[in-house]
1. Just wondering, is there one or more residues in the stretch 16-34 that are touching a residue at least 24 places away in the same chain (Cβ under 8 Å), closer than 26 Å to Thr132 by Cα and surrounded by 13 or more Cβ atoms within 10 Å (Cβ to Cβ)?
2. Please go through the stretch 51-64 and give me each residue that is free of Cβ contacts under 8 Å to residues at least 60 places away in the same chain and in a strand (DSSP E or B), ordered by number.
3. For the condition in contact (Cβ under 8 Å) with a residue 24 or more places away in the chain and within 22 Å of Tyr41 (Cβ to Cβ), what is the one hit in Ala101, Ala77?
4. Give the residue that is farthest from Gly73 (Cα to Cα), with candidates limited to residues of the stretch 89-132 that are of a type in the set (Ser, Thr, Tyr) and in contact with a Lys or Arg (Cβ under 8 Å, 6 or more places away or on another chain).
5. Given Val100, Val89, which one is within 14 Å of the chain's Cα centre (by Cα) and of a type in the set (Val, Ile, Thr)?
6. Being more than 11 Å from the chain's Cα centre (by Cα) and not in a loop (DSSP other than H, G, I, E, B) is the filter here; which residues of the stretch 105-120 pass it?
Amino acid sequence: MTYALSAPLQSAVFSQLSAAAGLNGVAIFDAAPTGTPPEIYVALGPEDVRDRSDKTASGAQHRFVISVVGNGGGFHALKAVAAEVEAAVANGLSLSRGRVAFLRFERAVARRDRNGTRRRVEMTFRAFLDDT
């Protein structure tokens with residue numbers, strides 16, 4: 001197994017989202033924003049990594065979450081931003097180390113936070129990475 005591709009994957013996702021024309025003006029965060037957050041923003045979330053090495057190469061399966069968060073309002077605007085996030089990630093990722101052998105959108109959950117004021121769409125993606 002290798003966890004060495006986790007940081008390159010995160011960098012590639014962040015770069016891809018930051019460069020996506022459909023997300024122009026939407027803040028992308030690697031950590032929770034401090035102070036007053038923007039009305040709608042995208043946050044990189046948790047990741048689960050499993051070994052997928054074989055005799056010829058080290059590799060891993062990465063399941064990672066990208067959240068679209070909104071402060072007030074309905075879900076419609078969040079779902080539109082989530083669709084742009086999905087399109088940007090599906091457009092392909094270029095890693096600084098290794099390669100993406102497989103990448104797909106798995107699922108999304110739209111929900112209100114416990115306090116009821118924030119809404120979020122949490123999208124889970126699955127990627128198989130080879131350390132070639």
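1. Scanning the stretch 16-34 turns up at least one residue that is touching a residue at least 24 places away in the same chain (Cβ under 8 Å), closer than 26 Å to Thr132 by Cα and surrounded by 13 or more Cβ atoms within 10 Å (Cβ to Cβ).
2. Listed by number, the list holds a single entry, Asp51.
3. From the options Ala101, Ala77, the qualifying one is Ala77.
4. Thr132
5. Val89 is the lone residue from the list that is within 14 Å of the chain's Cα centre (by Cα) and of a type in the set (Val, Ile, Thr).
6. Glu106, Arg107, Ala108, Val109, Ala110, Arg111, Arg112, Arg118, Arg119, Arg120
Let's see how each residue does on (1) at pLDDT 95 or above; (2) out of contact with any Cys (no Cβ under 7 Å at 6 or more places or on another chain); (3) hydrophobic (A, V, I, L, M, F, W, C):
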{"site": "Met1", "(1), (2), (3)": "no, yes, yes"}
{"site": "Ala20", "(1), (2), (3)": "yes, yes, yes"}
{"site": "Gly25", "(1), (2), (3)": "no, yes, no"}
{"site": "Glu47", "(1), (2), (3)": "yes, yes, no"}
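For every residue, the table says whether it meets (1) touching a strand residue (DSSP E or B) at 6+ places or on another chain (Cβ under 9 Å); (2) outside any strand (DSSP E or B); (3) not small (Gly, Ala, Ser).
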{"position": "Ala7", "(1), (2), (3)": "no, yes, no"}
{"position": "Leu17", "(1), (2), (3)": "yes, yes, yes"}
{"position": "Gly25", "(1), (2), (3)": "no, yes, no"}
{"position": "Ile28", "(1), (2), (3)": "yes, no, yes"}
{"position": "Thr34", "(1), (2), (3)": "no, yes, yes"}
{"position": "Pro37", "(1), (2), (3)": "yes, yes, yes"}
{"position": "Val42", "(1), (2), (3)": "yes, no, yes"}
{"position": "Pro46", "(1), (2), (3)": "yes, no, yes"}
{"position": "Val49", "(1), (2), (3)": "yes, no, yes"}
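The values are calculated or read from the model by the stated rules, or taken from the named source; none is laboratory data. What you are looking at is a predicted structure, and each value in this text was computed from that prediction instead of being measured. So basically every Cβ, Gly included, is an ideal-geometry build from the backbone, and we count neighbours across all protein chains shown.
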